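Read the structure below first, then the notes.
The values are calculated or read from the model by the stated rules, or taken from the named source; none is laboratory data. In this text the structure is predicted, and so the values were computed from the model without any measurement. Note that we place each Cβ from the backbone using ideal geometry, even for glycine, and neighbour counts take in every protein chain shown. For accessibility, only protein heavy atoms count, side chains too; no ligands or nucleic acids. Shrake-Rupley method; radii C 1.70, N 1.55, O 1.52, S 1.80 Å.
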Amino acid sequence: MTVESTAARKPRRSAGTKSTAGKRTTARNAPGTDPELVQLLTPEGKRVKNAENAAYAKYVADVTPEELRGLYRDMVLTRRFDAEATSLQRQGELGLWASLLGQEAAQIGSGRALRDDDYVFPTYREHGVAWCRGVDPTNLLGMFRGVNNGGWDPNGNNFHLYTIVIGSQTLHATGYAMGIAKDGADSAVIAYFGDGASSQGDVAESFTFSAVYNAPVVFFCQNNQWAISEPTEKQTRVPLYQRAQGFGFPGVRVDGNDVLACLAVTRWALERARNGEGPTLVEAYTYRMGAHTTSDDPTRYRGDEERLAWEAKDPILRLRRHLETSNHTDEGFFAELEAESEALGRRVREAVRAMPDPDHFAIFENVYADGHALVDEERAQFAAYQASFADEDGGK
């Protein structure tokens, strides 16, 4: 699939003026090509050492082999949990599931850059970040099963409940960041959103307020190339990280499949926030290898060539190659991790199947403070509908 470069499209300008936009880059590159970004590990697992990345590389200069193995473990177990959740949905145990397949490095790298006192505002796909914050994976599944509204105390892990409304959590994050700045805290806030949410007015409003009030917030955009079936070039003519310039704060694009680069760039952005230097936009350039959700069929809007090109950049395989070529691990480590992965899958599966059925009538509660005749009528109709199944089964 060929994607037209925005460099080939000349912007309109008034007669007698000269464009100062400079060279434009593609919003979403053709398979096999890469935009300019911060990269510390190549897809082959080799360390990148150059002057362009030196400013960020220093933030992971002290990462030990043990910590690298920890990042690998995080990604492997997160992917296993995600795969188990997808299977459970296919088996009718969950109402829906939003997979993170392919985005493990962006989430684990950024998640492990956080301090305990930092606060996270996720969307509904940040399963890897939730893992880093110590949220039990089974709590995530309770929401998608309909048995709770999140299942964890946000203040217990400094990890807000999942937000389904696209982009609104960036406003919450900005307000929270403004608040802790007034309190004099040196902690930071991070807000996660996707390339699709970047077109929402809430996100633009968050950029405005965070810049004006110098809020200690990191906007972490996982650009996975597709807002459901809408490709990124249908939303923007420039790379997403460049939007920060118009609001007066820095933006940086990082290889979202490079866990080490994501760790480094996020540490840098959080340090800026804690030092009173205001917001940063991080665009993690990655790829959604699976469906948008389990109700989606990605084969209807993207081809195998694109998917295969990105599978070759798999974030987990990339770090494994680095561990192996650097002699930072052995086969025993991988075997133990495989056993741990299987155990996690069993625990998740058993926990979900042990969950109670959702209360079918909870949807009618707390709609109005004093009740409402229409809601009462709808509840009665639904009760009759539910009773009809019992009648068909002979009252069983």
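With a 1.4 Å probe rolled over the protein heavy atoms of all chains, the accessible area of TYR287, TYR213 falls in the order TYR213, TYR287, largest first.
From the protein chains alone at 1.4 Å, what is the descending order of accessible area for THR232, THR42, THR64, largest first? Please list the in-between numbers first.
Working: THR232 0, THR42 25, THR64 55 Å².
My answer, sorted largest first, is THR64, THR42, THR232.
For segment 336-396, the list of GluC sites (Glu not before Pro) that fall in a loop by DSSP and count at most 16 other C-beta atoms within 10 angstrom reads GLU365. Comparing ASN158, ASN139, ASN148 in a Gaussian network model of the chain, where Cα atoms under 10 Å apart are tied by springs, the biggest mean-square fluctuation is seen for ASN148. Counted by Cβ distance under 12 Å from GLY45, the other residues give a net charge of +2, where Lys and Arg count +1 and Asp and Glu count -1.
When you count the other C-beta atoms within 10 angstrom of each residue and take the mean per peptide, 352-359, 235-242, 252-259, 313-320 line up highest first as 252-259, 313-320, 235-242, 352-359. Between THR163 and THR123, TYR124, the built amide H atoms are under 5 Å apart, and every one of these is 5 or more places off in sequence or on another chain.
Oblate is the label for segment 119-214. Its Cα gyration tensor axes, ordered a ≥ b ≥ c, give a/c of at least 1.5 and b/c at or above a/b. When the surface is traced with a 1.4 Å probe over the full set of protein chains, HIS372 keeps roughly 70 Å² accessible. Coordinate range of the alpha-carbon atoms in segment 34-114 per principal axis, descending: 51, 31, 25 Å. Distance between the pseudo-spin-label points of LEU317 and ALA339 (7 Å out from Cα toward the beta carbon): 2.7 nm. The accessible area of ARG79, taken with all protein chains in place and a 1.4 Å probe, comes to roughly 50 Å².
Expressed as a whole percentage, what fraction of the accessible surface of segment 313-396 belongs to carbon and sulfur atoms when a 1.4 Å probe is rolled over the protein heavy atoms? The partial results should precede the final answer.
Details: 2980 of 5770 Å².
Answer for segment 313-396: carbon and sulfur cover 52 percent of the accessible area.
Using a probe of 1.4 angstrom and keeping all protein chains present, the accessible surface of the chain works out to 47 square angstrom per residue.
So for the chain: antiparallel DSSP bridges make up what percent, rounded to the nearest 5? Present the calculation step by step, with values, prior to reporting the outcome.
Working: 3 of 25 bridges.
Around 10 percent of the beta bridges assigned by DSSP in the chain are antiparallel ones.
With the chain treated as a Gaussian network of Cα nodes joined by springs under 10 Å, which of ALA312, ALA244, ALA204 yields the largest mean-square fluctuation? Evaluated over the chain, the most mobile residue of the options is ALA312. Under 5 Å from the amide H of GLY278 lies no amide H of any residue 5 or more positions distant or on a separate chain, with H modelled from the backbone and absent for Pro and chain starts. Neighbours of HIS127 by Cβ distance under 12 Å: Lys/Arg scored +1, Asp/Glu scored -1, total -2.
Once the cut-off is 17 Å, how many percent of the Cα-Cα pairs in segment 188-233 end up in the long-distance tail? In whole percent, the share of Cα-Cα pairs in segment 188-233 beyond 17 Å is 36.
Can you give the local net charge around LEU171? Use residues other than it whose beta-carbon is closer than 12 angstrom to its beta-carbon, Lys and Arg +1, Asp and Glu -1. Every neighbour counted, the sum reads -2.
What is the percent carbon and sulfur in the accessible area of segment 45-136, measuring with a 1.4 Å probe over the protein chains and ignoring ligands? Accessible surface attributable to carbon and sulfur in segment 45-136 totals 48 percent. Charges were assigned to the Cβ only: +1 to each Lys and Arg, -1 to each Asp and Glu. The resulting dipole of segment 278-373 about its Cα centre is roughly 220 debye. Note on segment 283-306 and segment 238-262: Cα centroid distance 21 Å, given to the nearest whole angstrom. Across the alpha-carbon atoms of the chain, the computed radius of gyration and Dmax are 22.8, 83 angstrom.
Phi-derived couplings, Karplus 6.51 cos²θ - 1.76 cosθ + 1.60 at θ = phi - 60°, listed residue by residue for segment 243-255: 4, 4, 4, x, 9, x, 9, x, x, 9, 9, 10, 5 Hz, with x used for Gly and Pro. Amide H contacts of ARG253: VAL38, GLU283, each under 5 Å away and 5 or more positions distant or on a separate chain (H built 1.01 Å from N in the peptide plane; Pro and chain starts excluded).
Report, to one decimal in Å, the Kirkwood hydrodynamic radius for segment 287-396 based on all distinct Cα pairs. Numbers along the way, then the final one.
Details: mean 1/r = 0.0493 Å⁻¹.
One over the average 1/r among Cα pairs gives 20.3 Å for segment 287-396.
Would you please calculate the Kirkwood hydrodynamic radius of segment 192-304 over all C-alpha pairs and express it in Å, rounded to one decimal? Don't jump to the answer; show the numbers that get you there.
Working: mean 1/r = 0.0680 Å⁻¹.
One over the average 1/r among Cα pairs gives 14.7 Å for segment 192-304.
From the protein chains alone at 1.4 Å, what is the descending order of accessible area for CYS132, CYS262, largest first? Intermediate values should be presented prior to the final figure.
Numbers: CYS132 20, CYS262 0 Å².
Final ranking, largest accessible area leading: CYS132, CYS262.
Contact order for the chain, expressed relative to its length and based on alpha carbon pairs under 8 Å spaced 6+ residues apart, stands at 23 percent.
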